[in-house]
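**Student:** Pasting a structure below so you can have a look.
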Amino acid sequence: MEQNAQTCAHRPCKCSVTEGQKFCSNHCERQSKGDEAQKVVCGCGHPECGGTEAAA
Ligand SMILES: [Zn+2]
Ligand SMILES: [Zn+2]
Ligand SMILES: [Zn+2]
């Protein structure tokens, strides 16, 4: 059985979060509440989320 991996509550975000947490970072928590919640690209800065420009 696979582990129940929870993902960040910020929809565009692909980060995994610890059980009990909703967001991977304060950034996502703010974004999800703000007008930018519908942004396609998440800017939390985590590599796994592809938020960094350095990522090819
Ligand atoms: Zn993210
Ligand atoms: Zn996130
Ligand atoms: Zn993240």
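Readers should treat all values here as calculations from the given coordinates under stated rules, not as data from a laboratory. Since the model is a prediction, treat every value here as computed from it, not as a measurement. With ideal geometry, Cβ positions are generated from the backbone for all residues, glycine too; neighbour counts draw on all protein chains shown.
**Student:** Subtract the Cα-Cα distance of Lys33 and Ala5 from 0.36 nm times their separation in residues, and report this length gain in nm to one decimal.
**Tutor:** Separation in residues times 0.36 nm, less the Cα-Cα distance, equals 7.8 nm.
**Student:** Using label points projected 7 Å from each Cα along Cα→Cβ, tell me how many nm separate Asn26 and Val40, to one decimal.
**Tutor:** 3.0
**Student:** Can you list residues from other chains, or at least 5 along the same chain, whose modelled amide H is less than 5 Å from the amide H of Gln6?
**Tutor:** Excluding prolines and chain starts, which carry no amide H, the hits are Val17.
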